[in-house]
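The values are calculated or read from the model by the stated rules, or taken from the named source; none is laboratory data. Computed from a predicted model, the values in this text were never measured in an experiment. Using ideal geometry, Cβ is built from the backbone for each residue, glycine included, and neighbour counts are taken over all protein chains shown.
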Amino acid sequence: MRAFLDRMAAAVNAILGRLPGRLRTIARQFTQVGIVGLVGLVIDVGVFNLLRWWYPEWGPIWPKVISTALAIIANWIGNRYWTFRDERRRELVREGAEFVLVSALGALIPLGCLWVSHYLLGHTSQFADNISANVIGLILGTLFRFTFYRLWVFHPGRGTPLTASGEPAEVVTAGAARPSSPAGTPDRLAAPRPDR
């Protein structure tokens, strides 16, 4: 799985390689969030339909709860270890809870779009329902999730950073020697300068 994700990252970087540095990083992360989201969508739809077929007596609610939960877990793993692997933190439970919260709120956006289109605007065809929920709602939900993943869940300034090996980075106090950052990596461990 890691080799597949690394090949995908190389392909994304090749496509986005012509953009300026900061914009390239944002575009790469947005693209990777989209790819991870598509994997989650396949898991969600696939598991839901398999459970509906294997256990019709469950009705639609439990299969949807299970398939959505599995998709959120897959999305969290993909975003933590691929999209935001340089920003991930030691606080695994906090990060996971924040990810679930953002994912749940993002899942409400397509429902809101569907409600507005169907009940307020009166577009009641199946085609209109699909456009409002699965096109407009999906785009707006993805933008919402990406923004909050980047600015809150995986923000580099929150929590204790992990090193490339997955170990917690050393906490540095003022005046203590600190290891140098790898080439090309921003030094996030620099101690603040004292006021003079």
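Before moving on, here are some points about what is shown:
- Pair list, Cβ under 7 Å, 6 or more apart: the range 136-152 residue of a type outside the set (Gly, Ala, Ser) and surrounded by fewer than 14 Cβ atoms within 10 Å (Cβ to Cβ), other residue part of a helix (DSSP H, G or I) and modelled with pLDDT under 85: none
- Here 108, 23 are screened, and the one residue that is under 24 Å from residue 147 (Cβ atoms), under 17 Å from the mean Cα position of the chain (by Cα) and surrounded by fewer than 16 Cβ atoms within 10 Å (Cβ to Cβ) is 108.
- Conditions (1) within 21 Å of residue 155 (Cα to Cα); (2) modelled with pLDDT under 85: number failed by residue 33: (2)
- Counted as qualifying within the range 2-80 are the helices (runs of 4 or more DSSP H) with 3 or more residues that are free of Cβ contacts under 8 Å to residues at least 24 places away in the same chain and either in contact with a strand residue (DSSP E or B) (Cβ under 9 Å, 6 or more places away or on another chain) or not hydrophobic (A, V, I, L, M, F, W, C) (or both), namely 2-16, 21-54.
- Enumerated helices (runs of 4 or more DSSP H) restricted to the range 81-186, each holding at least 2 residues that are at pLDDT 90 or above: 92-115, 137-148
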